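Structure record follows, encoded as structure tokens.
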Amino acid sequence: MLAGGGASPNAVSPGGTTLLTVSVFPATTPPSTGIAVVGNLTGIGGAANQQFFDNGTNGDATAGDNIFSYRATISAMATGGTFTISAVASDAQTRTANVSINLTVNAPAAGEEPLLLGNPSNATPDVANENNYLMHKPQYSLSYNRSRATANWVAWRLDSSWIGATPRQDDFRPDPSLPDGWYQVQSFDYSGSGYDRGHMTPSGDRTRSIPDNSATFFMTNMIPQLAANNQGAWEDFESYCRTLAQAGNEIYIVSGVVGNIGTIAGGRVVVPHSTWKVALVLPNGANDLQRINKGTRTIGIVVPNFPPLDINAQWRQFRVSVDSIENLTGNNFFSNVPKNTQEMIERRKDRQ
């Protein structure tokens, strides 16, 4: 008797689900009967002796094909890392086969919570929620839109601890943590399109280590961005936020897209009409949510993603209130902040 296992997807966020499968190759002398599979799911918050199914239930696709399945839900409290799930296939003839399934849980880095102030679109790690699919990485979190093949928004926290001397990795690549069956945008899909592979979480905001910088080059962190946008006001604001971080501040940032002015990559990737960014600035400290008050600085910008656009334009000329970006996108920023405070800081247009 032989057996092999897998997980689909093999990388998932806390609270998400994955289909665990064990394919059993029965013995022939004598033939295996009464085949069963049991797995130890304690590492991801499940049972120590979880039965897998080959009866068309619990995620099993085809009854009786010796592929045993179990749709597992990852604990919402799970920490990030790679976990090994062990399983044992057995038959009535007392033969066994051991199986190991590797599963990566993507979660914010320890001490980091990009969505501390709120989840702008109530994204969830449910593959059925394919156009508002929540994905966490140690460096940032995002809401992915399968129909656009880009993120709706990406959120991260920036302070000086994230900024180091790591060079730009430039390793643009597909994101393997997308669910199976979803198109993985390729690094070359933007070639000849007239658009940059524009970062949402900037490379320059994640220079503490090679893995941190490399993570910003997943194509799920890219959008088709006009060069005059990406290399102009957008980059200008990115640099300004890093200046704030180096001056002793921490910044909660959400960036995203709105609108549709066409597609690239054979119609697979939607080009946005505009890019937007929301930032909340706090002096370095603890208990961030409790420290936000009516005087807390918030910044909103909306930058057109179509010509004519001056590449030398400064970010300040694109400032708007956070309220106006909420009206534009339907998102709700800073929803975990007390409502009176939230209303005050969102209606104010930055003047600094």
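Observations on the structure shown:
- For the range 1-126, share of DSSP beta bridges that run antiparallel, in % to the nearest 5: 95 percent
- The fewest-to-most ranking of His199, His273 by surrounding Cβ atoms within 10 Å reads His273, His199.
- In sequence order, calculated HN-Hα J values of the range 197-205 (Karplus, 6.51, -1.76, 1.60; Hz; x Gly/Pro): 7, x, 5, 8, 7, x, 3, x, 8
- Highest to lowest packing among 144-152, 251-259, 75-83, scored as the average C-beta count within 10 Å: 251-259, 144-152, 75-83
- When each of the peptides 222-229, 202-209, 28-35 is scored by the mean number of other C-beta atoms lying within 10 Å of its residues, the order from highest to lowest reads 222-229, 202-209, 28-35.
- The angle between the Cα long axis of helix 234-246 and the longest principal axis of the Cα atoms of the chain comes to about 90 degrees, rounded to the nearest 10.
- Across the range 133-347, the relative contact order, built from alpha-carbon pairs under 8 Å that are at least six residues apart, equals 19 percent.
Read-outs throughout are calculated quantities, based only on the coordinates presented, and are distinct from any laboratory measurement. Predicted, not measured: the structure shown is a model, and the values here were computed from it. In this analysis, Cβ positions are derived from the backbone assuming ideal geometry, glycine residues included, and neighbour counts consider all displayed protein chains.
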